[in-house]
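Scroll down for the structure; my scribbles are underneath it.
The values are calculated or read from the model by the stated rules, or taken from the named source; none is laboratory data. Computed from a prediction, not measured in an experiment: that's the story for all the values here. Glycine gets a Cβ as well: all are built from the backbone with ideal geometry, and neighbour counts include every protein chain shown. Remember, those area values only see protein heavy atoms, side chains included, never the ligands or the DNA or RNA. Shrake-Rupley method; radii C 1.70, N 1.55, O 1.52, S 1.80 Å.
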Amino acid sequence: MMRVIVLFFSLLLLCAGTLFATPADAFQVTTDPQTVSPGDPFLIRITELSKARHPVAFFAGRKFMFVTCGDDCAIAVCAADLALKPGKYRIMVTAGERKRRATITVRRHAPAVMRITLPPDKVTLSPDDMRRVEREENLLKALWIEQAEKMWDGSFLLPLQNEVSTQFGVKRVINNKTVSFHRGIDIRGKEGEGVRASNSGRVVLAEELYFGGNTLVIAHGMGIFTVYMHLDSFGTNKGKNVSKGEIIGFVGSTGRSTGPHLHFGVKVQDASVNPVTFMELKL
Ligand SMILES: [Zn+2]
């Protein structure tokens, strides 16, 4: 009887093995971590890279390229946008004819709320200002599309080593109306304090904007950008290559700001990413 049971289970295991085994020429895809909050970054990791030629990942309507991370692996840096609804999302990785799927779960996250009361004339923009804001929003949107080669060098660092005064994702309600979500972090700073490049890359914008004041954007390649707002002045120019840790500007209170601080943002393509969790990525 015992022998029959053993034989039965052996057969069962064999069947299961055949059903679930991946072909010998398959590459493996995993996400790290497997569950994120809206605004969190994550990595798509390919192991047995030698079996994947020119891999590309697709997630939430965006396309991600891979960089090698060791002998036989590659990673793509992705992010769940702040506006992404909770749920399970499919990630497709293609390499020539071969396809692999992975999933990422976005957990429910209730944002902190910041209520602000302002005189109505401070909230309503003139038609001229509205046109300017729209033009500048389009200017920024166009930046996130560019996908240069990888320029970053290891993990990213905070541009200013001071206390964070407003966290990422805070919902701002001005005069009882939801106006916006905070798509970066505010770091305290003294007027004129040096702001460092979070990583190596190329300056793709150094311009005075209506809301952001003196705003600087660095492209780090593969669709990753860091954004520095309300600067007193710039320490570099558009088109310049910068190294990680180099001073690129000085803390100020330009644009819509109530005191000297740095608004620091991270974009992965057009997704707004939590800079704090992004700095923790091992790259
Ligand atoms: Zn801010």
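Structural remarks
- Solvent-accessible surface ranking, highest first, for 114, 222 at 1.4 angstrom: 114, 222
- Cβ-Cβ FRET estimate between residue 28 and residue 148, R0 fixed at 41 Å, reported to 0.05: 0.90
- A crude spin-label estimate for the pair residue 174 and residue 125, with each label 7 Å from Cα along the Cβ direction, gives 0.9 nm.
- What separates the Cα centres of the range 109-139 and the range 140-170 is a distance of 22 Å.
- Heavy atoms of residue 54 accessible to a 1.4 Å probe, total area in Å² rounded to 10: 150
- Stretch in the chain that is longest and holds no trypsin sites (Lys or Arg not before Pro) that DSSP places in a loop and that have at most 12 other beta carbons within 10 Å: 191-281
- Over 29 Å [Cα-Cα, the range 113-277], rounded percent: 15
- Point-to-point label distance, residue 141-residue 247, nm (Cα→Cβ direction, 7 Å offset): 3.7
- FRET efficiency for the pair residue 256 and residue 50, taken as 1/(1 + (r/R0)^6) with r the Cβ-Cβ distance and R0 = 51 Å, rounds to 0.50.
- The residues neighbouring residue 147, those whose beta-carbon lies less than 14 Å from its own, together hold a net charge of +2 under the Lys/Arg +1, Asp/Glu -1 convention.
- For the chain, the Kirkwood estimate of the hydrodynamic radius, built from every pair of different alpha carbons, is 20.9 Å.
- Ordered from largest to smallest accessible area (heavy atoms of protein chains, 1.4 Å probe), the residues 69, 78 come out as 69, 78.
- Neighbours of residue 113 by Cβ distance under 13 Å: Lys/Arg scored +1, Asp/Glu scored -1, total +4.
- Note on residue 139: accessible area approximately 70 square angstrom, rounded to 10, probe 1.4 Å, nucleic acids and ligands left out.
- Accessible-area rank, largest first, for 163, 193: 163, 193, with all protein chains present and a 1.4 angstrom probe.
- Spacing of the two label points (7 Å from each Cα toward its C-beta) at residue 132 and residue 113, in nm: 3.2
- Mean accessible surface per residue for the range 33-98, computed with a 1.4 Å probe while every protein chain stays in place, in Å²: 49
- Of the residues 117, 31, 47, the one that moves most in a GNM of the chain with alpha-carbon contacts below 10 Å is 117.
- Heavy-atom accessible surface of the range 113-277: percent carbon and sulfur, 1.4 Å: 50
- Extension reserve of the residue 282-residue 72 stretch, reckoned as 0.36 nm per residue once the Cα distance is removed: 73.9 nm
- Solvent-accessible area per residue, Å², over the range 191-267 with all protein chains present [probe radius 1.4 Å]: 35
- For residue 43 and residue 85, the FRET efficiency from 1/(1 + (r/R0)^6), where r spans their Cβ atoms and R0 equals 25 Å, is about 0.70.
- Most mobile listed residue (203, 29, 113) in the chain, GNM with C-alpha springs under 10 Å: 113
- Flagged links, alpha-carbon separation over 30 Å, of 85/238; 63/238; 240/282; 51/141; 122/244; 51/244: 85/238; 51/141; 122/244; 51/244
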